Amino acid sequence: MIIALAGRRVDLLSTENPRFPLYNVETVRTRLHALLAETNARSLVSSAACGADLIAQSEAGELDLRRKVILPFARERFRETSVTDRPGDWGKLYDEVLDAVTAAGDLVVLQNVPDDRAYSAANAAILDEAAKLAKTSHEPLMAVQVWDGASRGDHDLTEEFGVEARRRGLEVKEIRTN
């Protein structure tokens, strides 16, 4: 099984309507580990933001799966804007995951994508890269949407990922962050 994954980042501590509170990290970790093990996943394709992405990448590493990371722009910029700007010690895990996938030749950094489309382009690239892996390995493909199950409204990238995966005819498994 090839897994394409996208999901919520951990909430800021001041968030009034939590979607992924920091105290749920271990619960989500347990759920993701179980999913990867139960599906006999061989590869995981996701980005590497704090929260769902890094938890899944960490668990995939523990299970010795192939890990592919898609970044919408340069590694350091992504670290500052999508990893270390939230509570928790995500920077160290990010560096470990990125070092490992870079060494394996499995880091993809998108080029020349306008900032207002960068994250949407990364979602599409995650699905595209996972589809390529599924085709070459003759493995089935599943999309995993890690979220609270409720849209934030316009420009909800996690919702957009699930919609696009379904549009492509993929099975979408939801893992809740609450």
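Rule-based calculations on the coordinates, nothing more; no lab input. Since the model is a prediction, treat every value here as computed from it, not as a measurement. Methodologically, a virtual Cβ is constructed for each residue, glycine included, from the backbone with ideal geometry; neighbour enumeration extends over all protein chains shown.
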Across the Cα atoms of segment 1-112, what radius of gyration and what greatest pairwise Cα-Cα distance (Dmax) are found, in Å?
13.5, 40
Extension gain (nm, one decimal) between residue 63 and residue 138, 0.36 nm per residue minus Cα-Cα
25.0 nm
Segment 64-173: radius of gyration and largest Cα-Cα distance (Dmax), Å:
14.6, 39
So who's got an amide H within less than 5 Å of the one on residue 109, skipping anything under 5 residues away but keeping other chains? H placed 1.01 Å off N, in plane.
71
Just how large is the dipole of the chain about the Cα centre, in debye to the nearest 20, putting +1 at every Lys and Arg Cβ and -1 at every Asp and Glu Cβ?
380 debye
Tabulate in residue order the Karplus-calculated ³J(HN,Hα) for segment 165-170, using 6.51 cos²θ - 1.76 cosθ + 1.60 with θ = phi - 60°, rounded to whole Hz; enter x for Gly and Pro.
4, 5, 4, 7, x, 8
Those lysines that a straight Cα-Cα span of less than 28 Å connects to residue 173, excepting residues fewer than 8 apart in one chain
68, 132, 135
Helix-only CD estimate at 222 nm, as mean residue ellipticity for the chain, using -39500 (n - 2.57) per DSSP H run (n ≥ 4):
-14000 deg cm²/dmol
With θ set to phi - 60°, apply the Karplus curve 6.51 cos²θ - 1.76 cosθ + 1.60 along segment 14-28 and write out the HN-Hα couplings as whole Hz, x wherever there is a Gly or Pro.
8, 5, 6, 10, x, 10, 8, x, 3, 5, 9, 4, 5, 5, 5
What number results when the radius of gyration of segment 71-131, computed over Cα atoms, is divided by 2.2 N^0.38 Å?
1.15
Which residue, 169, 130, 33, has the largest displacement toward the positive end of the dipole of the chain when charges sit on each Cβ (Lys, Arg +1; Asp, Glu -1)?
169
Phi angles of segment 126-136, converted by Karplus (6.51 cos²θ - 1.76 cosθ + 1.60, θ = phi - 60°) into ³J(HN,Hα) in whole Hz with x for Gly and Pro, give 4, 5, 5, 5, 5, 4, 4, 4, 4, 5, 6
